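Reviewing the structure listed below.
The values are calculated or read from the model by the stated rules, or taken from the named source; none is laboratory data. Since this is a predicted model, take the numbers as computed values, not measurements. Counting neighbours? That spans all protein chains shown, and the Cβs are built from the backbone with ideal geometry, glycine included. With ligands, DNA and RNA removed, areas are computed over all heavy atoms of the protein, side chains included. Shrake-Rupley method; radii C 1.70, N 1.55, O 1.52, S 1.80 Å.
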Amino acid sequence: MRYYVETYGCQMNVYDSKKIEEVLTAEGLSRAARPEEADVIIVNTCSVREHAENRALTRIGELSLKAAPRKAVVAVCGCMAQRMGSELFKNRAVRLVLGPDSYSKLAGYLRAAVTDGAKLLDTARDRSFRFQASEGFRDWGLRGFVSITKGCSNSCSYCIVPAVRGPAVSRPRDEVLKETLAQWRSGVRDVTLIGQNVNAYRYGGTGFSTLLSDVAELVPEARVRFTTSHPRDMDDSVIGVMAVRPNVCEHIHLPLQSGSDRVLESMNRGYTRDRYRAIVSAARKAMPGVSITTDIIVGYPGESVEEYEETYSFFEEMQFDSAFMFKFSARPGTAASRMSDEVPRQEKERRLARLMELERRLASAASARLVGREMEVLVEGRKIKDGVELLTGRTRCNRTVLFRGASELSGKLVSVRIDSSKGVSLSGCLVSA
Ligand code: SF4
């Protein structure tokens, strides 16, 4: 039997899809290259914005048509499955609807669906959630994710994550180290510790900065990264570890969401502009040149033009290296979805477009500042550009670089002098390997 997995959304979903593939492989299934060739089609979905759900629903419709000739089992997993539940059975091809807490039972559900044609729904919250340790899956390539928490116990007023992923659960330290080592042995050279809010990690007496330091010590030749941070829970000890551990990369993804203290309070984010500024300046003092990226929501209910201007000016002051920017999208069941004073759609679009223009300008200025510098690059593969075959790699601050070199360098750390930049893309010349 063959399976086909399609993944939407964040790193947590990418990680979960790998776990799902691990379960299917252990069941003796092999991966199909195309949905038409699969006996099991799994769509791992996202609910963070309405748009994400609409895209997944359209795709489930398309995949159901492809599944019909082989009577393939269509399974919908992830956050939208958790939120919509049995509603998804309206699509007759859908036989499994599984929330993020149910994947350890996937094998049994699959057997039942395949043999008895059963329709199964499991969106139960698993209070004794156990992370699935993985020894064997060797499919990460050079860059791997290791989940350290699942769910989130914050309650940002616009966010659906706590409702679909449940309260935060921190993973045992030993399991995190075990999986990191398994990934290193399987060829991963750049590992990212992932969680909705990694700074809230706490298992027994181990907090996030200790875990980060332990992981860095365990795999000293691997690059170590982490995402996503939360300004309310971020503390100087994390910056301290980043500054002293040579293999922890100088990049912090620190969602700001808004530059207005009144909007931040309404969002229930738990920090102010001043607090945010203090974190960024502490990081830049400890690690000059550290890359700071962020997330911003524009058009939050009640956001005035003046408050939007506060976001715009603060964004400029922070000189972010890049950002993910979104129009507010009311999510069912969230506090913000019950707020009135909606910002008109056209105004939301105007605010987003203007901020994106600023982001583009700052991001390319940040790249231009790297021209002439020698940077450590992890060679990730080859790329054809203007008919020329080049190597592509990633800097510690998470930028991609193109340069000439031998393919044997793939997976190696090399030194590249940056010769030019175009927007956020960098080109350079190999200095040493
Ligand atoms: S920290 Fe806030 S925005 Fe992030 S996942 Fe948790 S509730 Fe959502």
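Observations on the structure shown:
- Counting 0.36 nm for each residue step from Ser128 to Ala433 and taking away their Cα separation leaves a gain of 105.1 nm.
- Mean projected area (nm²) of the alpha-carbon convex hull when the chain is viewed from all directions: 21.3
- The range 2-122 shape via C-alpha gyration tensor axes, a/c threshold 1.5: rounded
- Of the GluC sites (Glu not before Pro) in the range 204-262, those whose Cβ has at most 15 other Cβ within 10 Å and which sit in DSSP loop: Glu221
- Taking amide H as placed 1.01 Å from N in the peptide plane, Ala323 has its amide H under 5 Å from the amide H of Thr294, each at least 5 places away in sequence or on another chain.
- Annotation: for a label point projected 7 angstrom from Cα along Cα→Cβ of Val371, residues of the range 415-433 with backbone N closer than 16 Å are 417-429.
- Note on the chain: helix-only mean residue ellipticity at 222 nm, from DSSP H runs of 4+ residues weighted -39500 (n - 2.57) and normalised by residue number, equals -10500 deg cm²/dmol.
- R0 of 25 Å, Cβ-Cβ distance Arg382-Leu358: FRET efficiency to nearest 0.05: 0.15
- Listed cross-link partners Lys19/Lys66; Lys285/Lys327; Lys66/Lys119; Lys150/Lys348; Lys18/Lys71 are compared with a 26 Å cut-off, the Cα-Cα value being larger for Lys285/Lys327; Lys150/Lys348.
- Within the range 130-252, the proportion of C-alpha pairs whose separation exceeds 17 Å stands at 55%.
- Partner lysines for Lys383 [C-alpha distance under 18 Å; skip if fewer than 8 residues away on the same chain]: Lys412, Lys422
- Counting only the Cα atoms, the range 203-346 fills a convex hull of 130 Å³ per residue.
- Amide H within-cut-off set for Arg31, under 5 Å, with H built and near neighbours excluded: Tyr3
- Translational diffusion of the range 374-432, µm² s⁻¹ [Kirkwood Rh, Cα pairs; Stokes-Einstein; 20 °C; 1.002 mPa s]: 195
- P(r) tail for the range 1-55: Cα pairs beyond 18 Å make up 36% of the total.
- Solvent-accessible area, 1.4 Å probe, carbon plus sulfur percent, for the chain: 51
- Gain on full extension, evaluated as 0.36 nm per residue between Arg70 and Glu217 minus their Cα-Cα distance, stands at 48.0 nm.
- Gyration tensor analysis over the Cα atoms of the range 297-433 returns equivalent ellipsoid semi-axes of 40, 16, 12 Å (largest first, whole Å).
- You can think of it this way: the chain between Arg202 and Ala33 has 56.9 nm of extra reach, that is 0.36 nm per residue less the Cα-Cα gap.
- Table column - 3J(HN,Hα) (Hz), the range 76-93, Karplus curve with 6.51, -1.76, 1.60, x for Gly and Pro: 10, 10, x, 5, 5, 4, 5, 6, 8, x, 5, 3, 5, 6, 4, 7, 4, 6
- Exposure of Arg232 as accessible area (Å², to 10), given a probe of 1.4 Å and all protein chains: 100
- If you plug the beta carbon distance of Val244 and Glu389 into 1/(1 + (r/R0)^6) with R0 = 22 Å, you get a FRET efficiency near 0.05.
- Look at where the Cα atoms of the range 308-372 and of the range 226-272 average out, and the two centres are 17 Å apart.
- Modelled label reach - Lys285, point 7 Å along Cα→Cβ, the range 196-237 residues with backbone N closer than 14 Å: 236-237
- Accessible surface for the chain, divided over its residues, is 43 Å² per residue with a 1.4 Å probe.
- The label point for Asp139 and the one for Lys412, both projected 7 Å from the Cα toward the Cβ, are 3.0 nm apart.
- Charge dipole (the chain, unit charges on Cβ, about Cα centre) - positive-most of Ala75, Tyr300, Ala283: Ala75
- DSSP-defined antiparallel bridges as percent of all bridges, the chain, nearest 5: 40
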